[in-house]
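K.L.:
Shown below is the structure under consideration.
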Amino acid sequence: MIVAFKGLTAMNEPFIRNHQYNCIRDQAESVLRALRTVSDPMIVESVRSGAQAKVAALFTGLTDYRKALLESIAVMKTADDIRSYLQALEPYRVAFPWISEQQIRKLFPKNKKLKLPDFAQIDLRRVTYLSWIDIQTNKMYIVYEAGGQFVGVEGRYTESNKKSYCFACNRYEELVFFSAISKNRPANASSDDYRSVGNYICLNGHDCNNNITDVSALEKFIVSVTV
């Protein structure tokens, strides 16, 4: 079933965002674990059906070949099938929108000496949000795209020196406490009146982007800081 779709990759637009692909990958891996460890065919079939339902729930209004491509997770029988399934999805991954150095600097206008990582080395298809740290200033930066607009969040980070669950990806990773000043202040507040919003997030943005399967927690945090 996967082979039938390979010829379509060059003529169709990507539609799978990074966090959606991660979720699909996790569901495919759950099917593979069931195939390897469960002897009851009915349980395996239940895992397949559950995976198919969770993948379908990631998208709305798909009625064409894309729907059939995603649903083929329910007929996977071997590790090779799973591998081929995920490989067939690769051309359909949506890249994080390209952003120039000038655009990034405009997101952080007060930081005249903003240091940037080498974004040319980042595979934007595997990015839900951009993040980097500046060790000298003890700051972390996040850039996210929503509704066609880039949003930048700047804050202090404190190393936790321990592993726990990241608020953004909900995986057990090495974390830092990230704290940013919220722009949401009372109408009559003085210039010295501010509210800090913080949470524990992955120290390594690459790991977080590889883990994240749901953007709701990340978006909620960004809104709490920027709106």
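The values are calculated or read from the model by the stated rules, or taken from the named source; none is laboratory data. Just so we're clear, the structure is a prediction, and the values are computed from it rather than from any experiment. A quick note on method: Cβ atoms are made from the backbone with ideal geometry, for glycine too, and the neighbour counts reach across all protein chains shown.
K.L.:
Quick check on this structure: which one of Ala79, Ala120, Ala68, Ala74 is hydrophobic (A, V, I, L, M, F, W, C) and in contact with a Ser or Thr (Cβ under 7 Å, 6 or more places away or on another chain)?
P.N.:
When all the criteria are applied, what remains is Ala74.
K.L.:
If I filter segment 9-54 down to residues being exposed (fewer than 12 other Cβ atoms within 10 Å of the Cβ), among the charged types (D, E, K, R) and not in a helix (DSSP H, G or I), which single residue comes out as modelled with the lowest pLDDT?
P.N.:
The extreme case among them is Glu13.
K.L.:
Which of the residues belonging to segment 157-189 are basic (Lys, Arg) and modelled with pLDDT under 95?
P.N.:
Correct list: Lys162, Lys163, Lys183, Arg185.
K.L.:
Here is a list of conditions, (1) closer than 22 Å to Asp207 by Cβ; (2) among the basic types (Lys, Arg); (3) at pLDDT below 90, and Lys6 meets all of them except one; can you say which number that is?
P.N.:
(1)
K.L.:
Among the listed residues Leu107, Leu116, which satisfies the condition of being over 20 Å from Glu29 (Cβ atoms), in the same structural domain as Ser216 (by TED's automatic domain parsing), buried (at least 16 other Cβ atoms within 10 Å of the Cβ) and of a type outside the set (Gly, Ala, Ser)?
P.N.:
Leu107
K.L.:
Something else about it: Scan segment 119-161 residue by residue and report those that are in a strand (DSSP E or B) and loosely packed, with under 15 Cβ neighbours inside 10 Å.
P.N.:
Ala146, Gln149, Thr158, Glu159, Ser160, Asn161, listed by residue number.
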